[in-house]
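Accompanying notes for the structure given below.
The values are calculated or read from the model by the stated rules, or taken from the named source; none is laboratory data. Just so it is clear, the structure is predicted and the values come from calculations on it, not from any experiment. Virtual Cβ from ideal backbone geometry, glycine too; neighbours counted across all protein chains shown. To get the accessible areas, we keep the full protein, side chains included, count just its heavy atoms, and leave off ligands, DNA and RNA. Shrake-Rupley method; radii C 1.70, N 1.55, O 1.52, S 1.80 Å.
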Amino acid sequence: TMLRDFDGAMATVERVLAIAPDDQSALCFQVQLLITLDQKERAREICERLLRIDPDHAFAWSKLMTIRLGRCLWDGYDDFIEGISAYIARAAAAGQAMQLTIQDLHNLPIAWEQEVAAARNVAAAIEAKAAPVRARLGFRFEDRLGVWRNGQRRKLRIGYTLPYTKEESFTLLHKAVVDHHDHSRFEVFAYAGQPATDSAFDREYRASFDVVRDTGDLPTDRAAQLVFEDRIDVLLDATGHTGENCQALVALRPAPVTAQTFGYSISTGAPYVDYLVTDPVFMPPEMAALCS
């Protein structure tokens, strides 16, 4: 990818497959190349081949789901839904990593229980990677308890982890939320995964926060250190298990309270998130027991 010699890469992987036609690593690499080259029909065929070799191949299920939804491929759709539902059930029971894009599962007619099981699975993998880093960082918040400083009530600091600040359906709605924060009582920070775009909306959206930090180019532990040094009281994640998410940062718990909120309104199944702010349309009350 660094050299962008895709033809050379494809020639190499085809030489490997000529020697070992069922080499799963080579087939996965070929799928990724084909997706990059927008040859998704061939990528789909190879994903289906991988699943014939291994019905529980996490990478193949993940890419096949994304390809089918992205290209509106409805042939054999019922069999596909039955297959991915059975895969989720097997992987959840065995504790196997799924690699699924949970956001894509919203678009499939599968049971809530399975969607949350998949979310818990993905969150558990994130937590496993975060735990040793979190222990090394050793964030402590004892000196931040209470909101009074020298007889003065200090402002609470709210931090939002955001995928971007460009004009899009989420940001258009979220700007209205941020605009209505009481800035006499709260300081509102944003931690954006992508840099600013040169648009009037982007400038206006960023101006609605007290402070905006661009964290996309920072290592995750450094981004978490930045949140900690900003003395954020409540870190609100608006990305959840979307394609451009901040879960690895949130899992390091750089603030004393974390919550999942506006932007991803169902349970992430995450042990590193304290609260879910939602409504009874996104999460019906009878589904509350599924929340982590």
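Structure summary
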read-out: Where Val133 falls short, out of the listed (1) farther than 26 Å from Ala248 by Cβ; (2) open to solvent by 30 Å² or more (accessible area, probe 1.4 Å); (3) β-branched (Val, Ile, Thr); value: (1)
read-out: Test result for Arg203, open to solvent by 40 Å² or more (accessible area, probe 1.4 Å), at pLDDT below 90 and out of contact with any strand residue (DSSP E or B) (no Cβ under 6 Å at 6 or more places or on another chain); value: no
read-out: Output for region 199-232, where each listed residue is touching a helix residue (DSSP H, G or I) at 6+ places or on another chain (Cβ under 9 Å), of a type in the set (D, E, K, R) and more than 26 Å from Glu168 (Cα to Cα); value: Asp221, Arg231
read-out: Members of region 116-126 that are open to solvent by 40 Å² or more (accessible area, probe 1.4 Å) and over 15 Å from Ile266 (Cα atoms); value: Ala124, Ala125
read-out: Residue that is farther than 22 Å from Val257 by Cβ and of a type in the set (A, V, I, L, M), where the choices are Ala224, Ala128, Ala135, Ala123; value: Ala128
read-out: Residue ID - nearest to Tyr164 (Cα to Cα), chosen from residues in region 191-222 that are of a type in the set (Gly, Ala, Ser) and outside any strand (DSSP E or B); value: Gly193
read-out: Answer residue from region 243-268, given it is assigned to a loop (DSSP other than H, G, I, E, B) and under 19 Å from Asp279 (Cα atoms) and is most open to solvent (accessible area, probe 1.4 Å) among those; value: Phe262
read-out: Count of region 269-286 residues which are open to solvent by less than 70 Å² (accessible area, probe 1.4 Å) and more than 15 Å from Ala123 (Cα to Cα); value: 4
read-out: Considering residues of region 39-59 that are more than 14 Å from Asp79 (Cβ to Cβ) and not in a helix (DSSP H, G or I) only, the residue most open to solvent (accessible area, probe 1.4 Å); value: Gln39
read-out: Scope region 228-242; condition outside any loop (DSSP other than H, G, I, E, B) and over 15 Å from the mean Cα position of the chain (by Cα); matching residues; value: Phe228, Glu229, Val234, Leu235
read-out: Subset tally (residues that are closer than 15 Å to Gly263 by Cβ and either among the hydroxyl-bearing types (Ser, Thr, Tyr) or open to solvent by 60 Å² or more (accessible area, probe 1.4 Å) (or both)) for region 169-193; value: 5
read-out: Scan of region 25-38 for residues that are farther than 21 Å from Phe80 by Cα, open to solvent by 20 Å² or more (accessible area, probe 1.4 Å) and either among the basic types (Lys, Arg) or part of a helix (DSSP H, G or I) (or both), ordered by number; value: Ser25, Phe29, Thr36
read-out: Odd one out for Gln225, checked against (1) in a helix (DSSP H, G or I); (2) touching a Pro at 6+ places or on another chain (Cβ under 9 Å); (3) buried (at least 19 other Cβ atoms within 10 Å of the Cβ); value: (3)
read-out: Evaluation of Thr197 against (1) open to solvent by less than 40 Å² (accessible area, probe 1.4 Å); (2) farther than 25 Å from Ser292 by Cβ; (3) among the hydroxyl-bearing types (Ser, Thr, Tyr) (one fails), failing number; value: (1)
read-out: Test: residue in region 10-24 that is among the β-branched types (Val, Ile, Thr), open to solvent by less than 40 Å² (accessible area, probe 1.4 Å) and more than 25 Å from Ile102 (Cβ to Cβ); value: yes
